[in-house]
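One structure is given below, encoded as structure tokens.
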Amino acid sequence: MDTKKAEKISKALADTTRLTILKEIKKSKDCLYCVDLNETLNLAQPSICHHVKQLVDTELIFSEKNGRNVRYSLNNKMLDEYISFIEGLKI
């Protein structure tokens, strides 16, 4: 992973709402639908979309349209790459 990508991910993870979204997806074991996020987060739909877009743009989550619904799942490979990058900073 290059430094720019790690910087983009770090900025995305610096927001508590985005961390909450990741935790909720993890709790669901497989995927989480957009409607579930609306029920979990106390935010307007445009705000949720903004936060989800940041996570999709950094490739931390996958977004898949399923009829009228959108489902989100964690990209464990990208999370592992980011963790490896951070661990590589240790002395």
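The values are calculated or read from the model by the stated rules, or taken from the named source; none is laboratory data. Keep in mind it's a predicted model, so treat the numbers as computed, not measured. Quick reminder, even Gly has a Cβ in these numbers, built from the backbone with ideal geometry, and neighbours come from all protein chains shown.
Assorted remarks:
Here is a yes/no grid of residues against (1) closer than 25 Å to Lys4 by Cα; (2) hydrophobic (A, V, I, L, M, F, W, C):
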site: Thr40; (1), (2): no, no
site: Gln54; (1), (2): yes, no
site: Asp57; (1), (2): yes, no
site: Ile61; (1), (2): yes, yes
site: Lys65; (1), (2): no, no
site: Arg71; (1), (2): no, no
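- Ile86 vs. criteria part of a helix (DSSP H, G or I), touching a residue at least 24 places away in the same chain (Cβ under 8 Å) and surrounded by fewer than 17 Cβ atoms within 10 Å (Cβ to Cβ): yes
- Within segment 20-53, the set of residues being in contact with a helix residue (DSSP H, G or I) (Cβ under 7 Å, 6 or more places away or on another chain) and either loosely packed, with under 14 Cβ neighbours inside 10 Å or of a type in the set (Lys, Arg) (or both) comprises Asn38, Gln45.
- The residue of segment 1-23 that is modelled with the lowest pLDDT, among those that are of a type in the set (D, E, K, R) and over 10 Å from the mean Cα position of the chain (by Cα), is Asp2.
- Number of residues in segment 1-59 that are basic (Lys, Arg) and not in a helix (DSSP H, G or I): the value is 1.
- Here Val56 passes the criteria (1) surrounded by 14 or more Cβ atoms within 10 Å (Cβ to Cβ); (2) within 11 Å of the chain's Cα centre (by Cα); (3) touching a residue at least 40 places away in the same chain (Cβ under 8 Å) except the one numbered (3).
- Single condition Asn38 does not satisfy, out of (1) in contact with an Asp or Glu (Cβ under 9 Å, 6 or more places away or on another chain); (2) of a type outside the set (Ser, Thr, Tyr); (3) over 18 Å from Asn75 (Cα atoms): (1)
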